[in-house]
1. Modelling each spin label as a point 7 Å along the Cα-to-Cβ direction, I'd like the A:I88/B:S23 distance in nm, to one decimal.
2. Residue-wise, which Karplus ³J(HN,Hα) couplings in Hz belong to the range A:49-62, taking 6.51 cos²θ - 1.76 cosθ + 1.60, θ = phi - 60°, and x for glycine or proline?
3. Taking the Cβ of B:V8 as the centre, find all other residues whose Cβ is under 15 Å away and add up their charges (Lys, Arg: +1; Asp, Glu: -1).
4. What does the charge dipole of the range A:47-188 about its Cα centre add up to, to the nearest 20 debye, if the Cβ of each Lys and Arg holds +1 and the Cβ of each Asp and Glu holds -1?
5. Given a Förster distance of 35 angstrom, what is the FRET efficiency for B:A171 paired with A:V141, based on the Cβ-Cβ distance and rounded to 0.05?
6. What dipole magnitude, in Debye to the nearest 20, does the range B:2-260 give about its Cα centre under +1 on Lys/Arg Cβ and -1 on Asp/Glu Cβ?
7. Please go through the residue pairs A:K13/A:K238; A:K13/A:K145; A:K145/A:K238 and name each one whose alpha carbons sit more than 30 Å apart in this structure.
8. From the residues B:A126, B:Y99, B:I114, which one has its Cα farthest along the dipole of the protein assembly as shown in the positive direction, the dipole being from +1 and -1 charges on Cβ of Lys/Arg and Asp/Glu about the Cα centre?
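Read-outs throughout are calculated quantities, based only on the coordinates presented, and are distinct from any laboratory measurement. Worth saying up front: this structure is predicted, and the values here are computed from it rather than measured. Because the Cβ atoms are built from the backbone with ideal geometry, glycine has one as well, and the counts that use them run over all protein chains shown.
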Amino acid sequence: MTAPLLVLEGLTKRFGGLTAIDGVSLTLPCGGVTGIIGPNGAGKTTLFSLIAGSERANTGRVLFDGGDVTRLPANARAVRGIGRTFQITQPFAGMSVRENVAVGAYLRHARRNDALARAAEIAERVGLGGRLDAPAASLTVSARKRLEVARALATEPKLLLLDEILAGLNPSEVREFAPVVRALSAQGITVMMIEHVMHAVMNLCAHLYVLAEGRLIAQGPPAEVTRDPLVIESYLGKGAAARLARGGGHG
Amino acid sequence: MRPYLSIVIVALALAALASLAHSNTLANSLVTATIIALAGYGWNLLGGYGGQYSFGHAAFFGAAAYVDAVAQARYGVNAYAAFVLATAAAALVGVVIGYLSFRAGLRGSYFALITLAFAEVMRVLANAAGITGGAAGTLIRLAPSPSHFQFVGRQPYLWIVLVLVTLAMIATRAVERSRFGAYLVAVRENEAAARALGVDALRVKLQAIVISAALTGLAGALYAQYFLFVDASIAFGPWISIEALAAPIVGGLGTVFGPLVGALALDGFGEAAHAVAGRTPGIELALYGALLVLVVAVARDGLQGLAVRFFAARRAGAA
């Protein structure tokens, strides 16, 4: 067994009286695509923010690639190799696609020509090759999601956190995106994705974590997890699993 | 070399203009306008590219003007050394103000207010302190000779400002084409996203305010050297904070030629308004205000943006 890439130890995050993340521990090996699912408000995005460093945990530790990054700010974690996309896309609206991606590429390529060339190459890879000089503000939802991925990818991360990149896309766009995610994994990038589009999750992820009310309630291969009564109840309410098992959807 | 070609052309045009400015009135007007342009280049870097709108660039302008004057008048420092010292002092003030406000996470209107407050505090202090000459101000002893950085006539000053403005344009272009420039614009557009991509936003903003303060400081030191006099309301008064931001906004925010175009346009407009309505007191200020409103309403991206759109439309019409 190789050393794990990411270890979370008893992470807790409170916002005032609300405990968004409640003692989450997990160990993520190198490689592969891992999914995080859970009902709305379960704390999935907060968990990503704690890993990427845009929020600090109240207690617990984040270990990444053999080092403790708990106290590092987001930019320093990006330098270590944690990349993320935002659920609500955050393009640099006044810049072109190429310039947007180049901001990410500058992290490993200080020279302008190298960064711009790298940006073009990565934009091509996520399917934005034809829109390099388009202003980011003019992009469609689907293209903005691609831009999020391209920018994060340009920082050459070891771990890439994808926050609902399929949400708001139509079925054919979702189908186009799946190979992009698989290609990332094939290049050796460890991918962690928050996703609601279940058939994509089932297709892409080898392992799932289920988060509900800030706690990890289940984990395992997708087929097992989605049969877990606890998971079903977290989505559909108490007693739902038993009712489903009886074969009746009513009542 | 190509990205700098337009700067060379503009610099040559300025040189042609300067060599035609034989009358003292015109030369004087041009010197003042280009000094303001220089101060505007400082503001443009932090405000235009970095999106941090300062209302107190007088703090940098004034610090440099006072250091330049006081070092010569009180301590007999060589004029050129005083000039360098003055610019460094402005940069230092930039570090202090930048560290205090950016460290505290101030942005938007809060940053604007805190910079205004810093400039006003410095104005009050300069007016009260002994070393600055208090309310009487500080005079630099008249000694017209190049060894004292003083010249007979306006023309030599004009050439000096033009060289500095050209250097400011080159510096602006170099920033545009650097990693630092990309990071600066990224911080302006979306700070959280920039951080997630590994950008140390605090450091980038601090670097920007230091360069910005030094550029505006150059203008302040030159101003003191040109008029050989500073007092608190000249050095730290709100007038220069406003001129330094109006020039890039009117000319084109976050562009290489914006501050120069804006400063020249505002100066020309001011002179014209004065000539037309000179007898009614304050009318030129009203017209000046009207122009600002018009620019904000018609050309959000400044005169340069207006020109670019005009030519693009003509080309589209011709094709």
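1. Roughly 5.8 nm, to one decimal.
2. 5, 5, 6, 7, x, 7, 10, 9, 6, 6, 9, x, 10, 10
3. Result for the neighbourhood of B:V8: +2.
4. Charge dipole, the range A:47-188, about its Cα centre: 260 debye, nearest 20.
5. Step by step, r from the Cβ atoms, then E = 0.35.
6. Dipole size: approximately 380 debye.
7. Cα-Cα > 30 Å for A:K145/A:K238; rest within.
8. The Cα lying farthest towards the positive end belongs to B:Y99.
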